[in-house]
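A quick write-up on the structure given underneath.
Values quoted throughout were computed directly from the atomic coordinates according to the rules given, and no laboratory measurement underlies them. On a predicted model such as this, the values are computed, not experimentally measured, just so you know. A quick note on method: Cβ atoms are made from the backbone with ideal geometry, for glycine too, and the neighbour counts reach across all protein chains shown.
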Amino acid sequence: MENYIVSARKYRPMTFDTVVGQGALTTTLKNAIRSGRLAHAYLFCGPRGVGKTTCARIFAKTINCLNPREDGEACGECESCVAFNEGRSYNIHELDAASNNSVEDIRQLIEQVRIPPQIGKYKVFIIDEVHMLSQAAFNAFLKTLEEPPHHAIFILATTEKHKLLPTILSRCQIYDFNRMSVDNIMRHLKNVAEKEGITAEDAALNVIAQKADGGMRDALSIFDQVASFCGGNITYQQTIANLNVLDYDYYFRLTDYFLEGKITECMLTLNEILSKGFEGQHFIGGLSTHFRNLLVSRDAQTVGLIEASEEVRNKYKEQAQKCKPQFLYRAMKLANDCDLNYKQSQNKRLLVELTLIETAQLSSDDGASSGLCPTKILKPIFDQLRAAGSESQAKSQVSATPVTSQTATKPTATQPTTAAQPAAPASSTTTVQPSVPTPPKVTPSIGGLRGGLRGFSLRKASQQSQANNQQKESPQTVKPTQTFENKPVDNVNLTVAWREFAAKLPQEETAMSHQMDNMEPMLQEDGTTFLVIADNPSIQSALSKIQPRVEAYLQQRLQNNALHMTTRLREVTDKRRAYSRVEQLNMMLEQSEALRKLKEEFELELA
């Protein structure tokens, strides 16, 4: 059996014209050779497998050709070219800097530089992976690199240009090699397959080209691997099975499920993908790319940005017509957020499943939200209680109003009545009841009021209620206009009304609203005076300024005109409210001897 040579070596380019994907660089090198403008040092940098060392060898062969062609290529027939092709040329020296990176290796190289070439004009020294040289080796090489003999040319190749010293970079002409496109790799693989007598599907070659990530050497190595697995007939299904690549059909199927809102099918498809050994982050990355390809497929000008076969592009065009741009934007955002949070998540599968569930809900038309959040906003419970209380109070007032002969007139055919025109008041001396909602009587515990009413949700609910109802009066405009029977007041209802007033304060008084949330009015023994303790004189002064508004609101809210507020500064003997968890625990330990013994016995601490 004859010796087998891998495709990466067997089909390595021998001329500039056969180099794939580096047209600009090869043209520059050919023009420099044709015009005789050769530099003494070149630096070829770029990713692995893109042709750096290959171009260096072709360049060395061409400049020593005895009969160069007019287009700048070597003839391939002279003694120098034949020696190069057979690997016995003494004009080309290659040094692997990864294993020869000491000062002694550079000194031996410098000794060879002094010897002129026997055949041809130049001696070319190719130093591969030059960034692996030690600091001392770089310093020893600087002088020779700056002023070499006229017959010496250095070509340095590296994948990590940023590791080179600036003094090295300044002495070289720098050529940056780019990654090869998927189309260029596919065309080269087709030529190799034809020469090898192998049949290959375009979709299979596209998968190989994408797996190579822009490197031709990697693409040829993967091609040899798949060809051995397929036995000379490379198909798409066999390729993805051999390379463990996730089939794009899964993404097309999932997108159809998203558009139809089939959450169950999405979960089952994810389970099928994970059962085949694919990582969740790999799946999410592919899903993001799929949404991106659908987005660019909607426009004929951008469809060329998809690196796929013609058959797959047609599938993208067909499915893209079913997807709205808003759906694709938000789906890409969800997939990208999942990708960013994947490594930090403790339950990675749940994170992916939640992303699929949210994406499946994007297609449901829910007003302006379109899946980001429901249009219907749940009303806060305290607003509902106040609304129910205002309705019950209105009904009770209607039933309690005496019916006189003046107001008990019945509508006739010539005197129509409408809902928009209320009946006239029974007496001119009767004042109009202001439209201030009054909640029903509730008897929550003091602990519940301290925890719930003091929270942020009540303020948020009240602000939202004010925004939805522009006709609701602010506390600074409420004035008692009716004489009440002075109903009895307790601490619970007083605290509720106090919190309501704080929540209704305008935005410019937000600071005062927060201060009032941290205070608790205390009803005195007379039943009509309540005391508010301020932590400092500035707060006491601010309370004095809004005292008339507070009293007017609470009098009308609790239907007691005798209510009066007094303030004083907090004293040392006053019991402070527990705001933090530590303060709450200390308060409980002071009140409960059993709890204190339990903490000491088990040495309990707050988490």
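Some notes on this structure:
- Cα shape, segment 168-290, gyration tensor, a/c 1.5 rule: oblate
- Between residue 196 and residue 134, the simple label model (points 7 Å from Cα in the Cβ direction) yields a spacing of 4.2 nm.
- Least to most buried among 107, 88 (fewest other Cβ within 10 Å first): 88, 107
- Cβ crowding within 10 Å, taken as a proxy for footprinting-reagent exposure, orders 186, 565, 588 from fewest neighbours to most as 588, 565, 186.
- Estimated inter-spin distance, residue 67 and residue 603, nm [label 7 Å along Cα→Cβ]: 9.5
- Under 16 Å from a label point set 7 Å out along the Cα-to-Cβ vector of residue 75, the amide N atoms of segment 111-142 belong to 119-121.
- Checked against a 26 Å cut-off, the cross-linked pairs 211/315; 262/348; 123/161; 163/190 give Cα-Cα distances beyond that limit for 163/190.
- Extension gain for residue 298 to residue 281 (0.36 nm times residue separation, less C-alpha to C-alpha distance): 3.5 nm.
- Relative contact order of segment 182-243, pairs being alpha-carbon contacts under 8 Å that are 6 or more residues apart, as %: 38
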